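See structure below.
Read the figures in this text as sums done on the coordinates, not as results from a lab. Note that the structure is predicted; figures quoted are calculated from it, not measured. Neighbour counts are summed over all protein chains in view; Cβ atoms, including those assigned to glycine, are modelled from backbone coordinates with ideal geometry.
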Amino acid sequence: MFPSFVLTAMTPNPTQTSSSSPRPAYLQSSLPLSGECLTFTGTLASMTHRAAGDLTEQYGGRYVQSISRVVSMLVVGEEGWPLEDDGQASQKLIHASDLIADGAELRIISESDWLHLVGLNEERDEIQRSYTPAMLSRLLSIPVNMIRRWSRIGLIRPVRRVCRLPYFDYREVSSAQRLANLLSEGVSAATLESSLSQLSDTLAGTDRSLAQLNLLVQDHKVVIRDQYGVVNPRTGQRLLDFGAEPELGVYSEDPPAAPEHSNHLPNDVDRNPVATISFAEASLRLEHRDMKEWTADEWFHEGCRLAEESACDSAINAFRNSLSMLAAEWSSPASPNQTERLEGIPDPADVNFHLADVLYRAGQTGAAIERYHCAIEFAPDFVEAWTQLGCLLFESDHNGPAEEAFLTAIAIHAANPDALLHYAQMLDSDGRTEEAAEYWREYLVHDSRGPWADHARERLEHAGSLTH
C-alpha cells in the first residue's frame, strides 16, 4: 500500500477547519462532502482508512466504520479487490448492494472517483499512473521475475511500451497479486470465481479479474487437448484454440458429468476431451517430439519458465540453445518470403536480455555484462538493457562505463524512473551530491510514492543542507 499522505499538505486552506470546529452554514454547504455519510471497504491505495476518514470530515462529510441505512456513499479501495481473507466478497459491499436493492439512497464509488470528488486529483492520477516492473516490484514487494512471468502468460498486460520497457496498470497488477495470494493460501478457485461474480454487479473490471483467475489456475493445472493441445506444457505458451469459442471461467480438474440417465458424455466433451494436469506431468506425457525437434521459440520460453523457477543452470542452457538455433536460422538461405520465415521466432535481443539476467543471478556477472551488450547490439534502443548494464558495471567498480550506460538509457527515455534512480545512487556514492540532486528531483517527477521516493527526498534535503 502507498504510504499515508501527510494530511497537513492536503488540508484545504484557508477556509477548511477541524471537523470539531463549527462552520458557517454557507461554508458547510460549499464543501464537496457536505451532507454525506461515508465508509470505506477494501484496501485504499492512497492512504489508510483512518486518514481517509479524517479527510472526509474535513471536507464536510461524516465518517463511520460500518455500513447501515444512514450511509450515503461506500468508497471501494483500489489496492486489489475487496475480498476477505477467506476469499468471500467484502461484507460491507454485500450489505451495501442489499440496501440498494431495498431502495436505499446509497452510492458505491471507486477510490479514484472519491479522490476526484474532494479535489485530490494528483493522488488520483498517482493511482492511475502506469509503472515499470521495477517500480511495481518496490511498491508491491513482488519479485521482478514474478511480474515478468505474469506478463508472459498473459495474466497482466502492459498498457504501453517505451523503447521495449513495459508499463503496467498498478490496479491490474495489484488485483492479480491479491488473487494469487488467496489461491496460495488455500482459497479455492471456485470460491474466488463466485466472489468476483458477485462483485461484477457493482464494480467495473471484474471480467478482467475473472480472466486473471482463470490464467492463475491454468498456470498450475494446464489444459491439454488431445493430439494438438491448447497449451504447450514445456513453454507455458497459450495457443489460440480456433475450434472452440473460449469460455470465461475456472477449469475444473474433474471432467464434466454425463447427463442423468445417459451412457454418453455431452457432445462438446466428445469433440474436445480435456485433461488438466501439471506442467511437469504434461512434459513427461508428451513424448511425441524429441527435444532436438524443439524450436528456438520453445527453448526461449522453456528458459523463461526455468528462470522463473530459479533453475538458473538449466535456464542458461535453454537460452543458449535458443540462440544457437536463431544463429542457424539467420544464417540459412532466405526463403521466398523472409517475413513469413521469421514469424514465430523469438527476438534475439530478448533472448540475450533474459540470458543476461539469469547469468547474473547465477553469479556470472562478467558473462551477464557481455550478454547485455549483445542485447543492445540487436536493439540499440533497449532502455532496460542499458539500465541493467549500468547497474552491473557500477557493481563491478567500472564507474566510467556505468555512467555512460545510465546516461544513454536516460537519453533514450528521459522519463524512465529506473535509470534515474540508479544513476542518482551512483552519483551519490561518488560524492557528487549536487549532480545527484538533479536526478533525484527528476526521479520524483515520475515516481513520488514508496520507499525510494522517500529516500530521494532525504537525499535532496541532505543536498540542500550542504549548499546552505
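For the reader, a short list of remarks on this structure follows.
- Summarised in one figure, the compactness ratio Rg/Rh of the range 418-468, Cα atoms and Kirkwood Rh, is 0.93.
- Rounded to the nearest whole Hz, the Karplus-based 3J(HN,Hα) values (6.51 cos²θ - 1.76 cosθ + 1.60, θ = phi - 60°) of the range 414-429 follow the sequence 5, 8, 7, x, 5, 5, 4, 4, 5, 5, 4, 4, 5, 5, 4, 5, with x at glycine and proline.
- As a rough guide to protection, the peptides 386-395, 421-430 ranked by mean Cβ packing within 10 Å, highest first, stand as 386-395, 421-430.
- C-alpha center-to-center spacing [the range 295-311, the range 402-468] in angstrom: 35
- Amide H contacts under 5 Å for Arg62, placed H, 5+ residues apart: Glu36, Cys37, Leu38
- In Å, descending, principal axis extents of the Cα set of the range 381-468: 37, 26, 20
- Taking amide H as placed 1.01 Å from N in the peptide plane, Ile108 has its amide H under 5 Å from the amide H of Leu74, each at least 5 places away in sequence or on another chain.
- The stretch between Thr48 and Glu293, if pulled fully straight at 0.36 nm per residue, gains 82.7 nm over its current Cα-Cα span.
- Whole-number D in µm²/s for the range 297-453 (Stokes-Einstein; Kirkwood sum over Cα pairs; 37 °C, 0.692 mPa s): 194
- In order through the range 369-375: 3J(HN,Hα) via Karplus (6.51 cos²θ - 1.76 cosθ + 1.60), integer Hz, x for Gly, Pro: 4, 4, 6, 5, 4, 4, 4
- Each label point was placed 7 Å from the Cα along the Cα-to-Cβ direction; for Ser396 and Glu435 their separation is 2.1 nm.
- Here the spin labels are modelled as points 7 Å beyond Cα on the Cα-Cβ line, and at Ser34 and Gln364 they lie 7.0 nm apart.
- Spin-label model, Asp98/Ala211: points 7 Å from Cα along the beta carbon direction are separated by 3.3 nm.
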